[in-house]
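What follows is a short report on a single structure.
The values are calculated or read from the model by the stated rules, or taken from the named source; none is laboratory data. Model, not experiment: these values are computed from the prediction. Because the Cβ atoms are built from the backbone with ideal geometry, glycine has one as well, and the counts that use them run over all protein chains shown.
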There are 2 protein chains.
Amino acid sequence: MKEAATETESRQVVEVNEGILSKNDVFAARNRSLFNATGLLVLNVLSSPGSGKTAFIERTLTDLRGRLRGAVIVGDLATDNDAKRIARSGAPAVQITTGDMCHLEAEMVGKAAGQLNLDDLDVLIIENVGNLVCPSGYDLGENLRVVLLAATEGEDKPLKYPVMFKTADVVIVNKMDIAEAAGFDRATALDNIRRIAPQAVIFEVSARTGQGMQQWYDWLEQRRAQM
Amino acid sequence: MKEAATETESRQVVEVNEGILSKNDVFAARNRSLFNATGLLVLNVLSSPGSGKTAFIERTLTDLRGRLRGAVIVGDLATDNDAKRIARSGAPAVQITTGDMCHLEAEMVGKAAGQLNLDDLDVLIIENVGNLVCPSGYDLGENLRVVLLAATEGEDKPLKYPVMFKTADVVIVNKMDIAEAAGFDRATALDNIRRIAPQAVIFEVSARTGQGMQQWYDWLEQRRAQM
């Protein structure tokens, strides 16, 4: 069983990589023109599984209701739990199920965006598959890459997953409400982020308690206003 | 910059997958014969980044010193921090740096094992790259797949990453000391694990405080005794 699964999975990976890779950039460029034409601010939200991407997006859209009109495209290997969770914020959510693919591609995002009324939106948030490696090489046509790191994951992650953090425009340090309980070394973590991602704006938040979220909202609204 | 990085990375992935995939099984079988011949119990430890693999392995080898002779092979994209941390337990540790590859392969493990004196060991622990997707398809020649899930990651992870959990012989729920603070829904988590991985033995532990680790040690020693 294990071997069979391996072979099928791998053959698919090969086909996808061979055929689509330069194609991904074409689709990303196509997405970008579409998004720009409608004045949308588009975020690609990336992290390890369980860093709190969904909770972060859900809270952002709930708290900004009436101020920013948002929608979400969610990528997952299996289940549509996240789209259901996000729908509670009142924002439209489209789920992409990727099967064994550990990242979203621009073409999938373009198709999912076709199910949304983009003219009625200010912000489109793409929640990528939980993975600190695979999605880093795939441009989806976004304006900003937002990389989440949960305080509970430890301060060394930017050093161990440099490619992901190097491409971040924003780094969100989430779960700060339980950082102390987790023995999180905040100073070292911030040093590591600044060393690998000197370009990134950093926010320290808890999507659960709401701490630190206001600064993120102010910054996001400002970015949207500049479009 | 982003586009260039994408192309290089992807081309490498294609070459690796095309060339090595059936080869991986050959190398895995070769590892397995070597490990069996020396009576070693070999674990492949897998999880998302930041679930506490290194702390779990470090504590296991420290606490079992004098009872089980262990060594570790550690895979990471970048840095040799983990091998250094594990070396504190007194166990030999060999670091494999994978660059942009999000999993270990059997051939790399075979080479790393060549740097260890296998006849002097009871247990070989392979710490895979932190990723809940890529490593699942690669047999390394291990006896047991040990999948870690941190309580802080949430109870839905087995449903969202089914391929990884389906192949687990053991599921370790780690960071139980801060499970309550993280709002972890233990009953749902255990249900989800049993649903996706009915074959797996489950241990609920904290590698930091040591809670629950004794049951894991007893089980591990028993498994080693059966070799």
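For segment A:32-50, give me the residue count where each residue is closer than 16 Å to A:R145 by Cα and either touching a His at 6+ places or on another chain (Cβ under 8 Å) or within 14 Å of another protein chain (Cβ to nearest Cβ) (or both).
Count: 5.
Would it be correct to say that A:I125 is closer than 30 Å to B:R208 by Cα, in contact (Cβ under 8 Å) with a residue 60 or more places away in the chain, more than 11 Å from chain B (Cβ to nearest Cβ) and β-branched (V, I, T)? So that I can check it myself, show each step before the final result.
On the way: closer than 30 Å to B:R208 by Cα: no; in contact (Cβ under 8 Å) with a residue 60 or more places away in the chain: yes; more than 11 Å from chain B (Cβ to nearest Cβ): yes; β-branched (V, I, T): yes.
Considered against the rule, which asks whether it is closer than 30 Å to B:R208 by Cα, in contact (Cβ under 8 Å) with a residue 60 or more places away in the chain, more than 11 Å from chain B (Cβ to nearest Cβ) and β-branched (V, I, T), A:I125 comes out as no.
Given the structure, is B:P135 under 29 Å from A:M164 (Cα atoms) and within 10 Å of chain A (Cβ to nearest Cβ)?
Working: under 29 Å from A:M164 (Cα atoms): yes; within 10 Å of chain A (Cβ to nearest Cβ): no.
Spelling it out, it is not the case that B:P135 is under 29 Å from A:M164 (Cα atoms) and within 10 Å of chain A (Cβ to nearest Cβ).
On the given criteria, is A:V109 modelled with pLDDT of 95 or more, assigned to a loop (DSSP other than H, G, I, E, B) and buried (at least 18 other Cβ atoms within 10 Å of the Cβ)? Working first, answer last.
Details: modelled with pLDDT of 95 or more: yes; assigned to a loop (DSSP other than H, G, I, E, B): no; buried (at least 18 other Cβ atoms within 10 Å of the Cβ): yes.
Judged against the criteria, A:V109 is not a match.
If I filter segment B:181-195 down to residues being in a loop (DSSP other than H, G, I, E, B) and within 12 Å of chain A (Cβ to nearest Cβ), which single residue comes out as nearest to B:L159 (Cα to Cα)?
Restricting attention to segment B:181-195, the residues satisfying the condition of being in a loop (DSSP other than H, G, I, E, B) are B:181-185.
Still in the running and within 12 Å of chain A (Cβ to nearest Cβ): B:181-184.
Working: B:A181: 23, B:A182: 19, B:G183: 18, B:F184: 15 Å.
Selected residue: B:F184.
Looking at segment B:116-134, which of its residues are in a loop (DSSP other than H, G, I, E, B), out of contact with any Phe, Trp or Tyr (no Cβ under 9 Å at 6 or more places or on another chain) and among the β-branched types (V, I, T)?
To start, the set of residues in segment B:116-134 that are in a loop (DSSP other than H, G, I, E, B) comprises B:116-117, B:121-122, B:128-133.
Remaining after also requiring out of contact with any Phe, Trp or Tyr (no Cβ under 9 Å at 6 or more places or on another chain): B:116-117, B:121-122, B:129, B:131.
Within segment B:116-134, B:V129 is the sole residue that qualifies.
For segment B:159-177, give me each residue that is within 10 Å of chain A (Cβ to nearest Cβ), in a helix (DSSP H, G or I) and crowded, with 21+ Cβ neighbours inside 10 Å. Walk me through how you get there before you give the answer.
Of all residues in segment B:159-177, those within 10 Å of chain A (Cβ to nearest Cβ) come to B:159-164, B:166-167, B:175, B:177.
Going one step further and asking which of them are in a helix (DSSP H, G or I), we end up with B:159-160, B:162-164, B:166, B:177.
If the condition is that a residue be within 10 Å of chain A (Cβ to nearest Cβ), in a helix (DSSP H, G or I) and crowded, with 21+ Cβ neighbours inside 10 Å, then B:K160, B:M164 are the ones that fit.
Just to be sure I understand, how many residues within segment B:138-158 are more than 29 Å from A:M164 (Cβ to Cβ) and crowded, with 21+ Cβ neighbours inside 10 Å? Explain how you work it out, then say what you get.
Step one: of segment B:138-158, the residues more than 29 Å from A:M164 (Cβ to Cβ) are B:141, B:143-144.
Still in the list and also crowded, with 21+ Cβ neighbours inside 10 Å: B:141.
Of the residues in that region, 1 qualify.
Is it the case, given these coordinates, that B:D82 is within 13 Å of chain A (Cβ to nearest Cβ) and farther than 25 Å from A:L159 by Cβ? Can you show your working first?
Working: within 13 Å of chain A (Cβ to nearest Cβ): yes; farther than 25 Å from A:L159 by Cβ: no.
No; evaluated as a whole, the condition is false for this residue.
Look at B:S10 and say whether it is modelled with pLDDT under 95, under 22 Å from B:I172 (Cβ atoms) and either within 18 Å of the chain's Cα centre (by Cα) or outside any strand (DSSP E or B) (or both). Full working, then the answer.
Values: modelled with pLDDT under 95: yes; under 22 Å from B:I172 (Cβ atoms): no; either within 18 Å of the chain's Cα centre (by Cα) or outside any strand (DSSP E or B) (or both): yes.
No.
Within the group A:D169, A:D218, A:D139, which residue is charged (D, E, K, R) and more than 26 Å from A:M108 (Cα to Cα)? Lay out the reasoning, then the answer.
Values: A:D169 fails: more than 26 Å from A:M108 (Cα to Cα); A:D139 fails: more than 26 Å from A:M108 (Cα to Cα).
None of the other options fit; the residue is A:D218.
If a residue has to be away from chain A (no Cβ under 14 Å), closer than 20 Å to B:S47 by Cβ and touching a Leu at 6+ places or on another chain (Cβ under 8 Å) to count, how many in segment B:85-104 make the cut?
Our first condition is that a residue be away from chain A (no Cβ under 14 Å); within segment B:85-104, this holds for B:87-94.
Right, trim to closer than 20 Å to B:S47 by Cβ and you get B:89, B:91, B:93-94.
Those left that are additionally touching a Leu at 6+ places or on another chain (Cβ under 8 Å): B:89, B:91, B:94.
Summing the residues that are away from chain A (no Cβ under 14 Å), closer than 20 Å to B:S47 by Cβ and touching a Leu at 6+ places or on another chain (Cβ under 8 Å) in segment B:85-104 gives 3.
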